[in-house]
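See below for the structure under consideration.
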């Protein structure tokens, strides 16, 4: 099956499974979304949602976060991975937002990626979910499923993002990246997964891929 045909069928199945795709990170505005996404690296969304209420109670905006001691931020987010580094970056990020953007989150990939601790994936999530700009953030779920389904070589996330953008319509990117994440969590785990019985892997993965993963 051609990649384009496979992508179209996967798109149809994901739309049927997830007609509505809520944003998994709790937030109220672009700033709280940016902070939540920055915290989510190497940490589950569930854990992030557990620590952000206390953090946002003390720092609901960039001005309040910029005035905090990084040690206090670290104490509030201690349960997430890389807490010391993330706490330092969050305070630096907030101060930069105040100094350069009047405390607002910029709706620009370039400006977002210039912020401390913000990479392309985080910027893509904020652009897509806060500002509605078409983007295709690639997390670990999307990276491995794109490879399993034969939609990308899986060499690196940059190539995966490029391949997926070429295969799916631009207007669907923002919903699709969430749909694939939900599918990966609910139907298609990284290990101990029988690809042959999966509603998408069962037909989209190559026989070689199914054999390889079964032998792990």
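Read-outs throughout are calculated quantities, based only on the coordinates presented, and are distinct from any laboratory measurement. Remember, it's a predicted structure, so these values are computed and weren't measured experimentally. For neighbour counting, all protein chains shown are included, and Cβ atoms are generated from backbone atoms with ideal geometry for every residue, glycine included.
Between the stretch 161-215 and the stretch 122-160, how far is it from one alpha carbon centroid to the other, in angstrom?
After rounding, the separation between the Cα centres reads 12 Å.
Using Cα springs under 10 Å in a Gaussian network model of the chain, which residue among 166, 62, 87 shows the largest mean-square fluctuation?
Largest GNM mean-square fluctuation: 166.
Rank these for me by crowding, 85, 160, going from fewest to most other beta carbons within 10 Å.
In order of increasing Cβ crowding within 10 Å: 85, 160.
In terms of the Cα gyration tensor, with a ≥ b ≥ c the square roots of its eigenvalues, is the stretch 30-131 rounded because a/c is under 1.5, prolate because a/b exceeds b/c, or oblate?
Taking the square roots of the gyration eigenvalues as a ≥ b ≥ c, the stretch 30-131 is oblate.
Compute the Rg/Rh shape ratio of the chain: radius of gyration over Kirkwood radius, all on alpha-carbon atoms.
1.01
Per residue, what volume in Å³ does the Cα convex hull of the stretch 71-131 take up?
Normalising the Cα hull of the stretch 71-131 by residue number yields 88 Å³.
For the residue pair residue 78 and residue 153, what label-to-label distance in nm results when each label sits 7 Å from Cα along the Cα-to-beta-carbon direction?
Taking the two extended label points, one gets 4.6 nm.
Go ahead and set up a Gaussian network model of the chain, Cα springs under 10 Å, then flag whichever of 121, 86, 46 fluctuates most.
Looking only at 121, 86, 46, the largest GNM fluctuation is found for 46.
Can you give the FRET efficiency for residue 16 and residue 190, using 1/(1 + (r/R0)^6), R0 = 30 Å, r = Cβ-Cβ distance, to the nearest 0.05?
So the FRET efficiency works out to roughly 0.80.
Express in nm, to one decimal, how much length is gained between residue 162 and residue 182 on full extension, taking 0.36 nm for each residue of separation and deducting their alpha carbon distance. Don't skip to the answer; put the middle values down first.
Values: separation 20, 0.36 × 20 = 7.20 nm, distance 2.08 nm.
That works out to 5.1 nm of additional length.
To the nearest 0.05, what FRET efficiency results for residue 46 and residue 88 with a Förster distance of 30 Å applied to their C-beta separation? Write down the numbers at each step before the final one.
Values: r = 24 Å, r/R0 = 0.79.
It comes out at approximately 0.80.
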